[in-house]
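Since the structure comes first, as structure tokens, the remarks are kept for the end.
The values are calculated or read from the model by the stated rules, or taken from the named source; none is laboratory data. Just so we're clear, the structure is a prediction, and the values are computed from it rather than from any experiment. Cβ placement follows ideal geometry from the backbone for every residue including glycine, while neighbour counts extend to all protein chains displayed. Accessible surface areas use protein heavy atoms only, side chains included; no ligands, DNA or RNA. Shrake-Rupley method; radii C 1.70, N 1.55, O 1.52, S 1.80 Å.
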Amino acid sequence: MTSETSPPRQARDDLIALLDAADRLPGAEELRARSYDLLAAAPESSVVVDVGCGAGRAVAELAERDVKAVGVDLSERMIAIARDRRPEADFRLAGAYELPLRDASVDGYRADKLFHELADPERALAEARRVLKPGGRIVLVGQDWDTLVVDSDDPALTRTIVHGRADLVTAPRAARQYRNLLLDAGFGDVTVEVRTGVFTGPAMLPLITGLAEAACSSGAVTRRQADHWIAEQQGRTEADRFFLALPMFMAAATAW
């Protein structure tokens, strides 16, 4: 997953660490496996492009299913790490708007945690249709940034923090738009699933802290409000009272 602009190297390395941690969260492996199932890629004969491939985990997991996968990412740093981790795989430097693939050359298109970073999702889907063969499958996975359910003693402040963080994302509600975007782009057999992760331990505390810090940096909340909210969430974690529900949306469709 990468945006259409590349941040500085330290920010990119922090993102890689965050994505690695997200890949290890409970339920993440099952979510990725479901996305591969929805691609319906035939072993040994199918080619799938993973757009916004990051460090290449999906490319490797598809290869374990005997599916040839091409990983594409706009970040040179991401591609370098992916190639270092998996030198046998096919990784290419490119963005979602201009894929380095021939017309009608792939059987599957997958994008995980990417479309919320795109300012022009319609253009990305037109490019997806270009590279997909007739009957090819597309799968989009991501979260709706307005839809994080966090238990707190101050629900109004929590709502402000969640929405303040969402406002910093290019397209924070892209996931709820997947179905209509796919239909408008001419895809058929569109389906949408929602898998909700429930987290009650300390693993997601850094994410929660990051929400408040981002909302504070944008001016949505004050420093005092952010510190108070973070302290409450830390206390909840120590008392085994932390609760976060994170819905992940998964849409699939067929290219006519």
Query raised in the report: In terms of modelled amide H atoms, which long-range or inter-chain residues lie less than 5 Å from the amide H of Y109?
Result: V49, R137, I138, V139
Report summary line: With only helices counted (DSSP H, runs n ≥ 4, each -39500 (n - 2.57)), the per-residue ellipticity at 222 nm for the chain, to the nearest 500, works out to -12500 deg cm²/dmol
Query raised in the report: Just the projected area, averaged over all directions, of the convex hull on the alpha carbon atoms of the range 54-95: how many nm²?
Result: 2.4
Query raised in the report: Which of V131, G27, V162 sits farthest toward the positive end of the charge dipole of the chain, with +1 on the Cβ of Lys and Arg and -1 on the Cβ of Asp and Glu?
Result: V131
Report summary line: In nm², the average projected area of the convex hull spanned by the Cα atoms of the range 217-256 is 5.4
Report task. Would you give the gap between the C-alpha center of the range 25-44 and the C-alpha center of the range 84-117, rounded to a whole Å? Result -> 16
Query raised in the report: Could you state the principal axis extents of the C-alpha atoms in the chain, from the largest down, to the nearest angstrom?
Result: 55, 38, 30
Report summary line: Carbon/sulfur accessible area of the range 166-227, % of total, 1.4 Å probe, equals 50
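What does the C-alpha gyration tensor say about the overall shape of the range 55-140? Classify as rounded when a/c is under 1.5, otherwise prolate if a/b is larger than b/c, or oblate. Numbers along the way, then the final one.
Numbers: a/c = 1.81, a/b = 1.24, b/c = 1.46.
Oblate.
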Query - Net charge dipole size for the chain [Lys, Arg +1 and Asp, Glu -1 on Cβ; Debye, nearest 20] - result: 280
Query raised in the report: With point charges of +1 on the Cβ of Lys and Arg and -1 on the Cβ of Asp and Glu, referenced to the Cα centre of the chain, which listed residue (L114, L148, S217) lies farthest in the positive direction of the dipole?
Result: L114
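I'd like the carbon and sulfur percentage of the solvent accessible area for the range 43-148, probe radius 1.4 Å, heavy atoms only, ligands and nucleic acids excluded.
C and S atoms contribute 45 percent here.
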Report task. Return the Cα extents of the range 120-234 along principal axes one, two and three, sorted largest first, each rounded to a whole Å. Result -> 55, 28, 20
Report summary line: Pseudo-spin-label distance S45 to R92, built 7 Å along Cα→Cβ, given in nm, is 2.3
